[in-house]
Amino acid sequence: MKRIVLDTNVLAAGYRSHNGASFAILQAIGFLQIRPLVTVALFLEYEAVLKRTEHMDAHGMALTDIDRALAGFLTLAEPVEVHYQWRPQLSDAKDEMVLEAALNGHADALITHNVRDFVQAKKPFGLRNIKAWRIVEGTKDMSTNTYPLKLPASIKAAAARLAKEDGVSLNQWIASAVAQKIGAVETAAEFLKKRAGNATREDFLKSLENVPDNPPMEGDELPEGWMKAKGYQK
């Protein structure tokens with residue numbers, strides 16, 4: 001079974017449309033054909049992305065549905081501990097956590113819609129960056145539970161400066177920093193087991209049944225009739 005790491009854009013695209021390569025990858029995970037690798041920080045980023053307003057408007061899932069879908073996803077995933085970091089390797093800090101999951105987990109491939117973002121890491125690490133359709137050919141806001149964080153002025157100023165350098169909002173930068181700290185304190189296996197709770201593989205498969213019939217996102221397209229021919233059609 002191939003062991004892969006999904007970029008957040010693949011997971012988001014898979015839940016936005018059942019007509020693209022990303023959805024076929026999620027089905028392959030549900031059918032035990034490929035196994036996703038995930039760190040604590042990467043899982044929390046998955047959660048944050050799926051709960052963004054623009055994605056919720058597209059996939060139509062309620063917050064509780066997202067939580068249940070991701071819990072089911074975790075029952076199929078392999079937890080990865082981040083023992084080594086090679087930062088900075090990439091221009092985007094968000095991509096670094098995806099890369100770290102792939103390298104620390106010794107993944108067979110990193111699946112992304114933005115292959116160019118990972119080109120810098122391909123040669124030194126021998127990393128296979130694969131667009132979503134190639135892997136299947138071969139086989140409201142972040143949360144309603146917000147916390148009014150109060151920071152000392154000096155720390156807030158430093159965080160704001162770093163967020164600007166990374167090209168993200170202050171809230172997004174702080175959320176990412178907290179996620180990485182959680183990952184450093186609590187082991188991936190412990191944390192992800194708690195988050196999975198009593199969910200099952202069937203919860204993940206059920207979430208795929210409700211993925212809408214939207215056009216696939218740009219770059220996620222498949223040849224006409226491909227999904228039906230390959231048996232991936234709903």
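May I ask you to say which residue of Ala196, Ala177, Ala160 is farther than 17 Å from Val38 by Cβ and modelled with pLDDT of 80 or more?
Working: Ala196 fails: farther than 17 Å from Val38 by Cβ; Ala177 fails: modelled with pLDDT of 80 or more.
On inspection, the qualifying residue turns out to be Ala160.
Criterion first (modelled with pLDDT under 75, surrounded by 15 or more Cβ atoms within 10 Å (Cβ to Cβ) and assigned to a helix (DSSP H, G or I)) does Ser207 satisfy it?
Details: modelled with pLDDT under 75: no; surrounded by 15 or more Cβ atoms within 10 Å (Cβ to Cβ): yes; assigned to a helix (DSSP H, G or I): yes.
Here the answer is no, as Ser207 does not meet what is asked.
Please return the ranges of strands (runs of 3 or more DSSP E) entirely within the range 1-117 where 3 or more residues are open to solvent by 40 Å² or more (accessible area, probe 1.4 Å), modelled with pLDDT under 90 and in contact with a Cys (Cβ under 7 Å, 6 or more places away or on another chain).
none
Under 7 Å between Cβ atoms, at least 6 apart or on separate chains: pull out the pairs that start in the range 53-71 with a residue that is within 18 Å of Asn214 (Cβ to Cβ) and end on any residue that is open to solvent by 20 Å² or more (accessible area, probe 1.4 Å) and in a helix (DSSP H, G or I).
His55/Arg16; Ala58/Arg16; His59/Arg16; Ala69/Asp203
The values are calculated or read from the model by the stated rules, or taken from the named source; none is laboratory data. This structure is a prediction, so every number in the text was calculated from the model and none was measured. Cβ: placed from backbone, ideal geometry, glycine included. Neighbour counts: every protein chain shown. For the accessible areas, the whole protein counts, side chains as well, though only heavy atoms, and no ligand, DNA or RNA atoms are used. Shrake-Rupley method; radii C 1.70, N 1.55, O 1.52, S 1.80 Å.
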